[in-house]
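See structure below.
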Amino acid sequence: MTGQIKDQIRYEDDAVLVCRKPAGIPVQTARAGQQDMVSLLKNYRAAKKEEPYIGLVHRLDQPVEGIMVFAKTKQAAAALAAQVGARSVDKNYYAVIWGKMKEKDGELCDHLSKDGRTNCSRAVSENTPGAKRAELSYHTVAETEEKSLLFITLKTGRHHQIRVQLSHAGHPIYGDGKYGARKESGYLPLALCSCRLGFVHPVTKKKMEFEIRPEGKAFFEFFPPEEK
């Protein structure tokens, strides 16, 4: 698997490592015997005879594929974590939803509450104890009779935010049975991809931007084939 993770790396220098997280692999887990991104990248660094430090500064849900940045030094981790905390890291997603949004371009603003026992979040009233404001904007890229492809800009970073907000709006993400997607025969991947990431390099201070195309089969009807 270490060799396979090497194929997912999009950029690497002495301070940061940017790679695609495949759908189904957790970012970090305490479950014995289950591989995660942090351990895979540590093994990758160890195989190169480097200090196997990997600093985790942001997360993606296990079923979500997408682009991530990891720190290779504690100093870089602190600098990147500060950007994440200040909401200055740019994050964009593609999501395939059931149905069509009322407006092709718009914003969703809700208040979300997390239930740690079930690992689920839900939209609640503003005055609910522990509720946190959640904001995103979206642009409709393509539509069919049943589904739509959205390009989403995340403005806050709440637990399961995109999944919960779209479900609350009446348009759950394709394949997301946890938040109300209709049942289909066979296994469906969660049609959500962190497709773009932008941050300031912790050492050079240059703006870094990375983009990927979704690989999940639920996206294929919307994206033309890549040029060879």
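Computed from the coordinates by the stated procedures, all read-outs in this text should not be read as laboratory data. Please read these numbers as outputs of a predicted model, since none were measured by experiment. Cβ atoms come from the backbone with ideal geometry, glycine included; neighbour counts cover every protein chain shown.
Extending 7 Å from Cα along the Cβ direction at PHE220 and again at ALA86 yields two label points whose distance is 4.3 nm.
When the chain is treated as a Gaussian network with alpha carbon springs shorter than 10 Å, the biggest mean-square fluctuation among PRO52, PRO129, PRO63 belongs to PRO129. Helix 37-47 and the longest principal axis of the Cα set of the chain meet at an angle near 20°.
What shape does region 23-109 take by its C-alpha gyration tensor, where a ≥ b ≥ c are the square roots of the eigenvalues and a/c under 1.5 counts as rounded, a/b above b/c as prolate, and the rest as oblate? Oblate shape, in that a/c is at least 1.5 and b/c is the bigger or equal ratio. Amide hydrogen proximity for VAL16: with H placed 1.01 Å from N in the peptide plane, the residues at 5 or more positions away or on another chain lying under 5 Å are LYS72.
Listed values for region 20-25 are Karplus-derived 3J(HN,Hα) couplings in whole Hz (6.51 cos²θ - 1.76 cosθ + 1.60, θ = phi - 60°), namely 7, 8, x, 4, x, 9, and x replaces Gly and Pro. Across all directions, the average flat footprint of the convex hull enclosing the Cα atoms of region 93-179 is 5.5 nm².
Diffusion of the chain by Stokes-Einstein, at 37 °C in a medium of 0.692 mPa s and with Rh set to the Kirkwood radius over alpha-carbon pairs, works out to 176 µm²/s. Taking the chain as a Gaussian network of alpha-carbon nodes connected by springs under 10 Å, the highest mean-square fluctuation of the residues TYR11, TYR93, TYR44 belongs to TYR11.
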